[in-house]
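Notes follow the structure.
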Amino acid sequence: MKSLVIGLALALALVRPLAAQPFLSDAPGPIPTGSGLVGMAFRDVENAIFGRSDNTTIFRTRGVANAIGRQAAILCGQMGEDSLPHPRGLPAAMRVSAAAQDTARQLLCAPDPDCFAAPWIVAELRGGAAGMDGDAASRLVRALRGLFVEPMVTQDERGRRIVGTRWLAAMRAYDEYLEEAPEAVLADPPGVLTAIGIALARMVDVGVEASGR
C-alpha cells in the first residue's frame with residue numbers, strides 16, 4: 001500500500017533520479033518529508049487519530065480535534081499567501097507554485113459549493129485520461145471540498161467527542177487515490193496534488209502528535 005503520507009524522494013548519486021517519482025513509497029533513497037509517519041500504515045494512522053462511539057467515527061480526543069482544526073486554519077492562510085511549508089530537501093522543480101497552492105486552497109478552504117476549480121482538479125488528477133464519476137480522482141476531490149473549513153460537530157452535550165467521519169473519509173480517499181492513480185501522474189505530479197499531499201501530511205502529523213502516539 002502506498003503511504004498516506006507522500007514519500008517525496010530525492011535522487012541518490014549515480015542512481016536513476018527519483019525526484020520525478022515523489023509519490024512512489026517503494027522508491028529507495030532518503031524520504032525528507034519532515035514527517036515521522038512515512039511508511040506508517042493507514043490503519044495505524046486511523047487508530048492514532050480516530051476512535052468509535054455509538055457507531056460514529058470520532059476524533060480520539062478533543063485535543064486531537066482542536067489540533068487538526070487549528071492546523072487547517074494555518075494551512076489555509078499559508079496556501080493563500082504562497083507560503084505552504086515545503087518538506088526539507090524537496091527538489092526545486094517540485095516546489096508548488098503560488099497558483100497551485102491557491103487552487104489547493106480553493107478546494108480545501110472554500111465552502112463546498114464555491115470550489116469552481118473542482119472539475120479542473122479532477123482532470124489534473126486523472127492525468128488527462130478518460131475518467132468517470134466515482135473514480136478515485138473524483139472521490140478524492142469530493143472528499144476534500146471545503147474540508148478545512150467545515151465546522152467540527154460535537155457528538156455529546158458536553159462537547160467531549162468531536163465527529164471525525166468526514167476527516168477519516170478524506171484521508172481514506174487520498175490513500176485510495178494513491179493506490180489507483182495513473183503512474184504518469186505519480187511520476188510527474190501536478191502542483192495541486194503535491195500541495196494537497198503536503199497539507200494532508202501536516203494534518204496527520206499534528207493529529208498523531210496530539211494523540212500522544
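The values are calculated or read from the model by the stated rules, or taken from the named source; none is laboratory data. Remember, it's a predicted structure, so these values are computed and weren't measured experimentally. Please note: Cβ atoms are built from the backbone with ideal geometry, for glycine as well, and neighbour counts cover all protein chains shown.
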*Out of the residues in the range 154-213 that are without any contact (Cβ under 8 Å) to a residue 60 or more places away in the chain and more than 30 Å from PRO119 (Cα to Cα), which is surrounded by the most Cβ atoms within 10 Å (Cβ to Cβ)?*
THR154
*Quick check: anything in the range 78-90 charged (D, E, K, R), surrounded by fewer than 19 Cβ atoms within 10 Å (Cβ to Cβ), modelled with pLDDT of 95 or more and in a loop (DSSP other than H, G, I, E, B)?*
yes
*outside any loop (DSSP other than H, G, I, E, B) and in contact with a Cys (Cβ under 8 Å, 6 or more places away or on another chain) - does that describe any residue in the range 64-71?*
no
*With respect to the numbered conditions (1) surrounded by 15 or more Cβ atoms within 10 Å (Cβ to Cβ); (2) modelled with pLDDT of 95 or more; (3) more than 17 Å from ALA170 (Cβ to Cβ), which one is the sole condition not fulfilled by GLN71?*
(3)
*Within the range 142-165, identify whether any single residue is at pLDDT 90 or above, among the small types (Gly, Ala, Ser) and more than 14 Å from the chain's Cα centre (by Cα), and answer yes or no.*
yes
*Mind counting the residues in the range 120-163 that are more than 17 Å from ILE58 (Cα to Cα), among the acidic types (Asp, Glu) and either in a helix (DSSP H, G or I) or in contact with a Lys or Arg (Cβ under 8 Å, 6 or more places away or on another chain) (or both)?*
2
*Residue by residue through the range 40-61, note down the ones that are more than 16 Å from the chain's Cα centre (by Cα), of a type in the set (Val, Ile, Thr) and closer than 15 Å to MET171 by Cα.*
THR57, ILE58
